[in-house]
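Here is the structure we will look at, set down as structure tokens.
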Amino acid sequence: MRQITATGQTVDEAVQSALRQLNITEDQAQIEVIDEGKKGLLGLFGSKPAIVKVAQAQESVEELPAKEVEPEEDPVGKIQQYVEKIIAEFEVEVNVKAEVEQNVVTLQLTGEKIALLIGKRGQTLNAIQYLAQLAMHQYADKYYTVVVDAEGYRERRRETLISLADRLADRASQTKRDVKIEPMPSFERKVIHTALQNRKDVETDSQGTEPNRYVVIKPK
């Protein structure tokens, strides 16, 4: 049985995303709601995505007709407008420029008071990026990764994380004790894992549940 777990701002959006990926209709699916989600302030802070598990009914696997997929209507332009709408809520003058490379859409933010959109340790920027990724699932008929950056913040943050990873790995190795790093989004945890993957004295593991999942550095 084919099945997929999908997320969305609402249960319906999550279900529709899963149905598109499985290329089936709702009457050909078995739907299980894992989490109904939660709306946050401005749709950003304290929000939780809805999570569903959708499986294709066994009897419909062989009989599924080909589904016509309507052509995309500039999903990159739509996601740019979506992010501009979010930023407008902050009442700051910021320019949004979209760059596309293969299946990665990068939205570069520039302007005054950019620190307001970055937030503490990038939390506001990460929230905007998270919502933009969810929205892109609705706009495009193929998968895109959405990155929202603000005047080079992502690269600076990556360098900070690499330095942090090395420093905490040294501590774990010297003390022979596990070291836990504060919760961070999956793409930042990946930076930590990658930075330490070639070290012989430590290993890394992600623990906890989203959005409080964190990296643990363990001495070997």
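The values are calculated or read from the model by the stated rules, or taken from the named source; none is laboratory data. Remember, it's a predicted structure, so these values are computed and weren't measured experimentally. Quick reminder, even Gly has a Cβ in these numbers, built from the backbone with ideal geometry, and neighbours come from all protein chains shown. With ligands, DNA and RNA removed, areas are computed over all heavy atoms of the protein, side chains included. Shrake-Rupley method; radii C 1.70, N 1.55, O 1.52, S 1.80 Å.
Helix 153-175: angle to the longest alpha-carbon principal axis of the chain, degrees 0 to 90, nearest 10?
The answer is roughly 60 degrees.
Under 20 Å from a point 7 Å along the Cα-to-Cβ line of residue 123: which residues of segment 160-195 have their amide N that close?
Backbone N within reach: 160-161, 180-190.
So I have (1) 63; (2) 56; (3) 53, and one of them is percent of Cα pairs over 21 Å apart calculated from this model. Which one is it?
The calculated read-out lines up with (1).
What angle do you read, to the nearest 10 degrees and between 0 and 90, between the alpha-carbon axis of helix 123-139 and the longest principal axis of the chain?
20
Normalized C-alpha radius of gyration of segment 158-220, against 2.2 N^0.38 Å? Show your work: numbers first, answer last.
On the way: Rg = 10.6 Å, N = 63, 2.2 N^0.38 = 10.6 Å.
Taking the Cα Rg and dividing by 2.2 N^0.38 Å, one obtains 1.00.
Restricting the count to DSSP beta bridges whose residues both fall in the chain, what percent are antiparallel, rounded to a multiple of 5?
85
Please give me the summed charge of the neighbours of residue 7: other residues whose Cβ is under 9 Å from its Cβ, Lys and Arg +1, Asp and Glu -1. Please list the in-between numbers first.
Working: positive: none; negative: 13, 35.
With Lys, Arg at +1 and Asp, Glu at -1, the neighbours total -2.
At 1.4 Å probe size, with the rest of the protein present, what percent of the exposed accessible area of the chain is carbon and sulfur atoms? Could you put the intermediate results ahead of the total?
Values: 6160 of 13170 Å².
Result for the chain: 47 percent of the exposed heavy-atom area is carbon or sulfur.
Kindly express, to the nearest 10 degrees and within the range 0 to 90, the angle between helix 75-88's C-alpha long axis and the longest C-alpha principal axis of the chain.
Approximately 60 degrees, to the nearest ten.
How many times 2.2 N^0.38 Å is the alpha carbon radius of gyration of segment 89-220? Display every interim value, and only then the final one.
Details: Rg = 16.9 Å, N = 132, 2.2 N^0.38 = 14.1 Å.
Output field value: 1.20.
Could you give the Stokes-Einstein D for segment 87-144 in µm² per second, using the C-alpha Kirkwood radius, 25 °C, 0.890 mPa s? Show your work: numbers first, answer last.
Details: Rh = 12.5 Å.
Taking Rh from Cα pairs, D becomes 196 µm²/s.
Counting every Cα pair in segment 126-204, what percent are over 20 Å apart? Please list the in-between numbers first.
Values: 1358 of 3081 pairs.
Roughly 44 percent, rounded to a whole number.
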